[in-house]
1. Confirm whether Phe456 is open to solvent by less than 50 Å² (accessible area, probe 1.4 Å), farther than 30 Å from Val382 by Cβ, modelled with pLDDT under 75 and among the hydrophobic types (A, V, I, L, M, F, W, C).
2. Being of a type in the set (A, V, I, L, M), open to solvent by less than 10 Å² (accessible area, probe 1.4 Å) and within 17 Å of Leu9 (Cβ to Cβ): is that true of Ala164 here?
3. Within the range 123-140, count every residue that is under 25 Å from the mean Cα position of the chain (by Cα) and among the charged types (D, E, K, R).
4. Residue check: is Glu35 out of contact with any Asp or Glu (no Cβ under 7 Å at 6 or more places or on another chain) and open to solvent by 10 Å² or more (accessible area, probe 1.4 Å)?
5. Can you tell me how many residues in the range 260-294 are assigned to a helix (DSSP H, G or I), modelled with pLDDT under 90 and in contact with a Ser or Thr (Cβ under 9 Å, 6 or more places away or on another chain)?
6. Restricting attention to the range 3-23, which residues are among the small types (Gly, Ala, Ser), under 17 Å from Leu163 (Cα atoms) and surrounded by fewer than 21 Cβ atoms within 10 Å (Cβ to Cβ)?
7. Residues to consider are Ser143, Ser192; find the one that is of a type in the set (S, T, N, Q), closer than 20 Å to Arg254 by Cβ and more than 26 Å from the chain's Cα centre (by Cα).
Amino acid sequence: MTFFQKGLLGAILLFSALLVDIYSAMTPVGKSPDERHHFAYAYGIYEQGLTPFFDRKAILTDGKDPNHLRHPPGYYFILASAMALLDIDKDFSGNGLSSTQYSGSLKNAAIQPLRAISLALYAVHLLGLYLLVNYLVRRKLVSGWAAVAATALVVFIPSRMHLAGAVNNDTLAMAVWPFLALYGTKTLLEPSLATLLKFAIAATVAALTKLTLAIVVLPFAGAIMLFQLLRFDPLGFQPQLRFWWYEIRRSRLREAGLFAVFAVLFVFAAAYYGNTYAKFGSVNPTYTQIYNLPDEDNKFRVERTKERSWGAIAEDVVVSSWRTTTGAFGHEHLYVDANVTTELVLVTLAFLLALGAVVLSWIYRKNSDLRRLLIPLVYLAVPPLFWLIWINWNVGNYALNGRLGTQGRYTIGALEVGILGVFLAWGALQASGVGRLRLIGTVGASAVFIMLAPVFIKPLFYARMNEHLYFAANMPSLVAKNLASDGFSKITLKAAEPSGFVKTGYMESSRRTLHKDYFILSPNQARVIGAVPKIDTAKFKGLEVAVWARAGSRPSELQLSLRDIAGTTEPASEVLKLSGHISVTSHCFSIPQPELAISIRRVDPDYSLLTRLFKNDNPPILLGAYAKPVAECK
């Protein structure tokens, strides 16, 4: 790698760190995805004394909400240790880690210093990535420019940047995967006891961070065993034993220290997983197993409104699992404009073309080192393996809860290693002794970067981030004050249908600390209702209703209806077209009677094929509704 390439690589990494720091500083406390749950999980461990035998059932992460307690506790023990050092007050337990009181206590005492830990872990992630790509270039597995391109794609995956500065176990997953890949590759090419122990330490930390991250370990572990066979074949098994016995005999203090670290982590992991299995009959228990939840209290269960064919369900499981595997995006509502369907096609095409490059390398391998040709396959094997395991998880999840897991952040590590594998595949052609193949490798790597750059680099700003700034600027109270000064009265809204939205809509509207009336209108036809204050029909003949909302990524419409208080008739209805910005839209109705209610329903128009292809189905957001009686509608 040239001096200029190293400088450019460093600039990319520093710019990534700067953006993550900015996102972290500008996002209000508790507004990063699931931040309150992750904090409370760590706090529960802190309360119980930092033991691998902690009681999950004693932890509720947001009032009475069991959430995020399935995760292994590695990240949460780091946070709990920090809480002990900071001597965090334990009075939080009195209010159940919920409500405005909880949020205020959190803001003053805990979140900001704990976010600093996440930022430090992101720095470790960048260091590991720098070491990894430098090693790949030094071993001539990939060119310097390809390494810079791959790094740019990896560090600017939008959902990763948004999560990296938050209190979230994904930050530890980001820190670990580069070292998994680095020491896994080193063990393949330069086997030694020290390198193997480093890989084992990284693998154990991965198992204590996220089981999805542990999937990254499997192809490397399998390849290490296979490479040992290739290395000593046909000499047999004894030379392998002699090599590793020699490595053990020549070990010094460094290897002894690494083994001690591995032993401590392994014993901790064994104690944790053994205790979890003994309590719940599984090393990865469901929330239903942990809390023994009946269906009516299980917010993770979605009532299916209609029967679907097994073929349609199977298609959803397979496609959604691959969408998760190639997940450039995290929570589906993070973006104003997200071309997820198009990007799914582009990422899939990049993997398929990379497999073609691997085939070419094998056809023209001649006297090439077989291990060097296998390494791209090891990296490329990670996403398909993750996909197959996720399909299996989704089948069980759909049967249990009627829903599919499609959040792209689950694939932290797997997607990044797969992207590096794509460039390693083209790098194998670039390193060949055949001029035409070198040209194909250079053109292929350049084309892949051009094709994928919009996928990973374009969406650096988020709908939810925009909302954070909107809320942080105290805009909700300002809008409410302006509406009140114009004579509008607030309408108390509640989620009405379908049943799944009634659960999630209620949670969204009640949990928000900066703005309470907040409904993510998903799925299509989701509806909220609210009663209008009684109107003097002798004095007023019209009712002006103001709806405060933001469109989804596709053109969005809301059906605003005026009903009698019993909700049996709809005397008036109007379709409101929403803007991509948070704004207030109003309409005036003639009043048929003094006691009325309003209904607001999401009604998607008929989208064209191009709109469905190029625009993700991010739902509109409803922030509130207000009403004002008027003498008559103009």
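1. It is false that Phe456 is open to solvent by less than 50 Å² (accessible area, probe 1.4 Å), farther than 30 Å from Val382 by Cβ, modelled with pLDDT under 75 and among the hydrophobic types (A, V, I, L, M, F, W, C).
2. Details: of a type in the set (A, V, I, L, M): yes; open to solvent by less than 10 Å² (accessible area, probe 1.4 Å): yes; within 17 Å of Leu9 (Cβ to Cβ): no.
No; evaluated as a whole, the condition is false for this residue.
3. 0
4. On the way: out of contact with any Asp or Glu (no Cβ under 7 Å at 6 or more places or on another chain): yes; open to solvent by 10 Å² or more (accessible area, probe 1.4 Å): no.
No; evaluated as a whole, the condition is false for this residue.
5. 3
6. Taking the range 3-23 first, the residues among the small types (Gly, Ala, Ser) are 7, 10-11, 16-17.
Of the ones still in play, those that are also under 17 Å from Leu163 (Cα atoms) are 16-17.
Answer for the range 3-23, where residues must be among the small types (Gly, Ala, Ser), under 17 Å from Leu163 (Cα atoms) and surrounded by fewer than 21 Cβ atoms within 10 Å (Cβ to Cβ): just Ala17.
7. On the way: Ser143 fails: closer than 20 Å to Arg254 by Cβ.
The conditions single out Ser192.
Let's see how each residue does on (1) at pLDDT 85 or above; (2) open to solvent by 70 Å² or more (accessible area, probe 1.4 Å); (3) not acidic (Asp, Glu):
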site: Ala549; (1), (2), (3): yes, no, yes
site: Thr568; (1), (2), (3): no, yes, yes
site: Ser579; (1), (2), (3): no, no, yes
site: Phe589; (1), (2), (3): yes, no, yes
site: Ile600; (1), (2), (3): yes, no, yes
site: Leu610; (1), (2), (3): no, yes, yes
site: Pro629; (1), (2), (3): yes, no, yes
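The values are calculated or read from the model by the stated rules, or taken from the named source; none is laboratory data. Nothing here was measured: the structure is a model prediction, and the numbers come from that model. In this analysis, Cβ positions are derived from the backbone assuming ideal geometry, glycine residues included, and neighbour counts consider all displayed protein chains. Only protein heavy atoms, including side chains, enter the accessible area calculation; ligands, DNA and RNA are left aside. Shrake-Rupley method; radii C 1.70, N 1.55, O 1.52, S 1.80 Å.
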